[in-house]
Amino acid sequence: MKIALLGYGKMGKTIERLAEKRGHEVVLRISDDVQKYDLKKADVAIDFSIPDAAFKNITSCFDQQIPVVSGTTGWLSRYNEAVKLCKEKDAAFIYASNFSLGVNLFFELNKKLAQMMNSFKEYSVDIEEIHHTQKLDAPSGTAISLAEQIIENSDKKGWKLDEASEDEIPVTAKRIENVPGTHIISYKSEVDTIKIEHIAHSRDGFALGAIIAAEWLKDKKGVFSMKDVLF
Ligand SMILES: NC(=O)C1=CN([C@@H]2O[C@H](COP(=O)(O)OP(=O)(O)OC[C@H]3O[C@@H](n4cnc5c(N)ncnc54)[C@H](O)[C@@H]3O)[C@@H](O)[C@H]2O)C=CC1
Ligand SMILES: O=C(O)C1=N[C@H](C(=O)O)C[C@H](O)C1
């Protein structure tokens, strides 16, 4: 598979290393706001760029009929617009706030736990995420996905960074040098705490998941999620 990397930072470089090991070839590397780039040589594009660039990168792929996998976070206010454009242009698109297998399993666990805990009002829920200090967005896209899953499976009405009201989930974002990504969900009562935690040891899990998603998407049309790829 010939891959265009839209974003050639920490994730782009990790994807290149793992993709080459799987026999793929990187044919284009974009790491800036290039006015127009030619994706014709690529079978698929993988976007891990910056929040301000993701929408333009993704829709350029639709225009050039190249399937696109995006993991960039912090641009999701335009996600529905991207979905609409993908359908109009009969293109192919997968977005995931987190491509790692471990986090996608953790997502399923989170939904089940939220359903179970909803009957026990003596417990209050909170989410904590920890990432490296270069991260541009807060809270992380994964923390937002986790909060949305809890909201769908409980009586919670929303989430808020730091201070939250009774019917909202408080989300805390910490920034510590070199942390690839940690997410913790806690249910606390007077007498005890129940915690589930996902700790990424490196970026390899995210990168491998994105490559597997690209292999899966290459010959398809439509809008998909990581759940379609993995389960
Ligand atoms: N969904 C997932 O599984 C994961 C998502 N991420 C997200 O991926 C994104 C990238 O993460 P990192 O690689 O760690 O960041 P990074 O800062 O190391 O790399 C981003 C790169 O994008 C480049 N860039 C700037 N403008 C661009 C443009 N217009 N087009 C293409 N590239 C451009 C920058 O020069 C930089 O090299 C972030 O939004 C992060 O939250 C990160 C890890 C996993
Ligand atoms: O910026 C990162 O590094 C990460 N971003 C993603 C997010 O915002 O959830 C996924 C992962 O946690 C690493």
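The values are calculated or read from the model by the stated rules, or taken from the named source; none is laboratory data. For clarity, every value in this text was computed on a predicted model and none was experimentally measured. A quick note on method: Cβ atoms are made from the backbone with ideal geometry, for glycine too, and the neighbour counts reach across all protein chains shown. Keep in mind that these areas ignore ligands, DNA and RNA; they rest on the heavy atoms of the full protein, side chains included. Shrake-Rupley method; radii C 1.70, N 1.55, O 1.52, S 1.80 Å.
Per-structure values
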| read-out | value |
| --- | --- |
| Selected residue (only one of 32, 52, 63, 43 is open to solvent by 10 Å² or more (accessible area, probe 1.4 Å), among the acidic types (Asp, Glu) and under 17 Å from the mean Cα position of the chain (by Cα)) | 52 |
| Qualifying positions in region 10-22 - open to solvent by 20 Å² or more (accessible area, probe 1.4 Å) and under 17 Å from residue 41 (Cβ atoms) | 16, 20 |
| Hits in region 184-198 - residues which are open to solvent by 50 Å² or more (accessible area, probe 1.4 Å) and either more than 20 Å from the chain's Cα centre (by Cα) or within 16 Å of ligand 1 (Cβ to nearest atom) (or both) | 188, 190, 191, 192, 193, 194, 195 |
| The lone exception for residue 150 - which of (1) surrounded by 18 or more Cβ atoms within 10 Å (Cβ to Cβ); (2) within 16 Å of ligand 1 (Cβ to nearest atom); (3) not aromatic (Phe, Trp, Tyr) it fails | (2) |
| Subset of region 21-66 (residues that are more than 16 Å from ligand 2 (Cβ to nearest atom), in contact (Cβ under 8 Å) with a residue 40 or more places away in the chain and of a type in the set (D, E, K, R)) | 22, 43 |
| Members of region 51-67 that are among the β-branched types (Val, Ile, Thr) and out of contact with any strand residue (DSSP E or B) (no Cβ under 8 Å at 6 or more places or on another chain) | 59 |
| Hits in region 169-183 - residues which are more than 16 Å from ligand 1 (Cβ to nearest atom) and open to solvent by 40 Å² or more (accessible area, probe 1.4 Å) | 172 |
| Count of region 127-162 residues which are more than 26 Å from residue 11 (Cα to Cα) and either of a type outside the set (Gly, Ala, Ser) or within 18 Å of the chain's Cα centre (by Cα) (or both) | 10 |
| Matching residues in region 76-122 - criterion: being part of a strand (DSSP E or B) and surrounded by fewer than 13 Cβ atoms within 10 Å (Cβ to Cβ) | none |
